[in-house]
1. When the range 215-225 is examined, which residues are found to be under 21 Å from residue 281 (Cα atoms) and open to solvent by 40 Å² or more (accessible area, probe 1.4 Å)?
2. Can you tell me which of (1) among the polar types (S, T, N, Q); (2) open to solvent by 100 Å² or more (accessible area, probe 1.4 Å); (3) farther than 16 Å from residue 279 by Cβ is the one residue 32 doesn't meet?
3. Which of the residues belonging to the range 68-109 are open to solvent by 50 Å² or more (accessible area, probe 1.4 Å) and among the polar types (S, T, N, Q)?
4. Check residue 191 against each of (1) surrounded by 14 or more Cβ atoms within 10 Å (Cβ to Cβ); (2) within 22 Å of residue 221 (Cα to Cα) and name the one condition it does not meet.
5. Identify the single condition in (1) open to solvent by 20 Å² or more (accessible area, probe 1.4 Å); (2) farther than 17 Å from residue 88 by Cα; (3) out of contact with any Pro (no Cβ under 9 Å at 6 or more places or on another chain) that residue 212 does not satisfy, given that it satisfies every other one.
6. Restricting attention to the range 69-86, does a residue exist that is touching a residue at least 12 places away in the same chain (Cβ under 8 Å) and farther than 17 Å from residue 243 by Cβ?
7. Of the conditions (1) open to solvent by 60 Å² or more (accessible area, probe 1.4 Å); (2) modelled with pLDDT under 90, residue 185 satisfies every one except a single condition; which number is it?
8. Which of the residues that make up the range 243-266 are at pLDDT 90 or above and over 19 Å from residue 165 (Cα atoms)?
Amino acid sequence: MTTTTTAARVAGAAPVPADLRRSALPLRRRFTDGFAKGLMGLALLVALVPLGLVIYKVLQAGAGVMSWEFLVEDIPNSARRAGGGMGPAVAGTLVITGAAAAMSIPLGVLGAIYLNEYGKQNALARLIRTMSDVMTGVPSVVMGLFVYVAWVLIVKEQSGFAAALALGCLMLPIIIRSTEEMLRLVPDELRQASAALGARRWKTTVSVVLPAAISGIVSGVMLAIARAAGETAPVVLVAGTTFATNWSLSGDNTTLAAQIFKNAGEPFLPAQDRAWGAALTLMVIVLLFTVAARMISSRFAIKER
């Protein structure tokens with residue numbers, strides 16, 4: 001930086017535009033910058049290719065069976081039979097995933113608040129972090145077996161509540177770790193400014209820290225919900241099966257993921273068509289909930305000024 005440029009900045013002159021600063025860079029640095037940007041763009045395209053192919057295939061195969069009747073009619077009790085719908089699976093997905101979210105989201109967010117705002121690096125906080133990391137890597141079938149032994153065998157009943165317990169246990173570590181990482185990104189200056197105004201720590205957390213991190217928290221929560229909605233093994237193990245709609249957590253139930261698993265393995269074309277339709281329905285449900293969550297989080301997030 002020349003003496004003239006330094007003097008101009010000290011005197012309050014306007015900053016140099018970005019394009020002029022870039023042109024002043026050596027040729028090697030500009031080439032390296034462009035090459036890195038090109039690699040990042042290429043990596044993005046490579047990641048979008050399989051995602052686009054999956055979305056295209058599901059839309060192509062599932063759009064033909066989608067209708068209002070498909071969303072509300074009962075599941076045929078024979079895989080050979082044409083027609084029918086996924087009404088019980090749609091209801092079961094909403095009820096079971098909603099109950100799992102209601103159990104895991106408050107616990108996960110509160111646990112992350114304790115870890116980042118109160119526990120810091122004490123022994124209990126380190127233990128919780130370690131167990132959360134371990135639970136994140138536990139296969140879903142293991143969690144289903146755990147709930148089957150710890151709940152289903154005791155009450156002697158497969159139910160939607162048991163499936164919600166299994167999915168909630170799978171969601172909990174994801175919410176804890178993602179929420180804690182988002183809380184870490186909130187600058188400490190915001191906490192210090194709130195404390196300087198006389199606010200207690202809980203008030204600072206509720207009114208300053210959480211609104212600043214709400215977008216990232218919602219992203220982590222939606223990832224956990226999407227994983228829970230797509231899990232099959234725990235539901236098959238502990239929820240039983242049903243061909244009629246069950247809007248309660250008691251008694252046998254089913255989900256879209258379980259029906260995709262069951263119908264996709266059948267050699268009959270009607271069952272396979274129902275599997276593709278269920279896959280498309282599940283994608284649309286997750287998309288709608290993601291958009292709704294984004295709209296709600298933007299309402300409470302701290303706006304840039």
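1. If the condition is that a residue be under 21 Å from residue 281 (Cα atoms) and open to solvent by 40 Å² or more (accessible area, probe 1.4 Å), then 223 is the only one that fits.
2. If we test residue 32 against (1) among the polar types (S, T, N, Q); (2) open to solvent by 100 Å² or more (accessible area, probe 1.4 Å); (3) farther than 16 Å from residue 279 by Cβ, just (2) comes out false.
3. Hit for the range 68-109 is 77, nothing else.
4. (2)
5. That leaves (3) as the condition not met.
6. Going through the range 69-86, the residues touching a residue at least 12 places away in the same chain (Cβ under 8 Å) turn out to be 69-77, 79-86.
With the extra rule that they be farther than 17 Å from residue 243 by Cβ, the set shrinks to none.
No: zero hits.
7. With respect to (1) open to solvent by 60 Å² or more (accessible area, probe 1.4 Å); (2) modelled with pLDDT under 90, residue 185 is out only on (2).
8. Correct list: 243, 244, 245, 259, 260, 261, 262, 263, 264, 266.
The values are calculated or read from the model by the stated rules, or taken from the named source; none is laboratory data. Treat the numbers as computed from the prediction; the structure is a model and nothing was measured. Neighbour counts run over all protein chains shown; Cβ positions are idealised from the backbone, glycine included. Note: accessible area is taken over every heavy atom of the protein model, side chains too, but ligands, DNA and RNA are not part of it. Shrake-Rupley method; radii C 1.70, N 1.55, O 1.52, S 1.80 Å.
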